[in-house]
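Below: the structure, in structure tokens.
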């Protein structure tokens with residue numbers, strides 16, 4: 001089975017207006033858009049932590065929950081998004097969260113911070129749709145890529161050849177070949193895409209390197 005490779009722009013926004021603006025900038029060039037949800041507690045930044053509405057877009061939305069209470073957020077917002085990605089570090093009842101998302105017919109995955117080992121998610125690995133490996137410390141656009149995370153990607157790919165492995169953090173035209181080679185098939189890129197002058201070109205550049 002060959003897993004499809006996907007480039008995913010990540011959106012950080014402080015207001016409804018900024019959210020719409022950024023989604024409209026990237027929506028015609030991406031199959032999936034990641035919403036970075038931050039509560040200012042689990043990570044020091046705030047983003048899309050309000051009662052948001054998504055503009056019409058012909059793509060999938062995944063919510064990357066960098067928040068203290070992913071279960072509560074999911075209960076309120078599950079209808080708005082297609083995939084919920086929760087940090088295993090913040091999930092009090094991971095199995096309950098997986099069940100809640102699945103009951104709503106949506107996809108679910110767990111996220112691992114750089115210091116968190118793969119063993120934390122192994123008990124749930126057969127029930128989830130994807131794993132997101134952070135290659136920076138989460139919470140900001142433009143943080144530096146941590147090459148020591150490549151081993152974690154390789155290890156997980158060896159364990160689960162058919163799993164969607166997503167990578168987020170410092171993914172640019174300079175680093176994407178490394179995570180691609182390590183075994184990731186979904187590549188989240190924030191500032192490289194969203195802050196570029198030409199979004200279409202930025203995504204095309206990344207696609208060219210991994211295909």
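Derivation of every value follows stated rules applied to the coordinates shown; laboratory data play no part. Source: prediction; values computed, not measured. Methodologically, a virtual Cβ is constructed for each residue, glycine included, from the backbone with ideal geometry; neighbour enumeration extends over all protein chains shown.
Only helical runs count toward this figure. For the chain, summing -39,500 (n - 2.57) over DSSP H runs of n ≥ 4 and dividing by all residues gives -8000 deg cm²/dmol at 222 nm.
Taking 0.36 nm per residue of separation and subtracting the Cα-Cα distance, full extension of the segment from residue 14 to residue 122 would add 35.5 nm. Overall, the anisotropy analysis places the chain in the rounded class: the square-rooted eigenvalues a ≥ b ≥ c of its C-alpha gyration tensor yield a/c less than 1.5. Between residue 28 and residue 96, the simple label model (points 7 Å from Cα in the Cβ direction) yields a spacing of 4.5 nm. Between residue 21 and residue 177, what length comes free when the chain is fully extended (0.36 nm per residue of separation minus the Cα-Cα distance, one decimal in nm)? Result for the pair: 53.2 nm of gain on full extension. Highest-first packing order for the peptide set 176-183, 11-18 is 176-183, 11-18, based on the mean count of other beta carbon atoms within 10 Å. Applying 1/(1 + (r/R0)^6) with R0 = 41 Å to the Cβ-Cβ distance of residue 158 and residue 104 gives a FRET efficiency near 0.80. Extension gain, residue 57 to residue 137, is 25.9 nm, computed as 0.36 nm per intervening residue step minus the present C-alpha separation.
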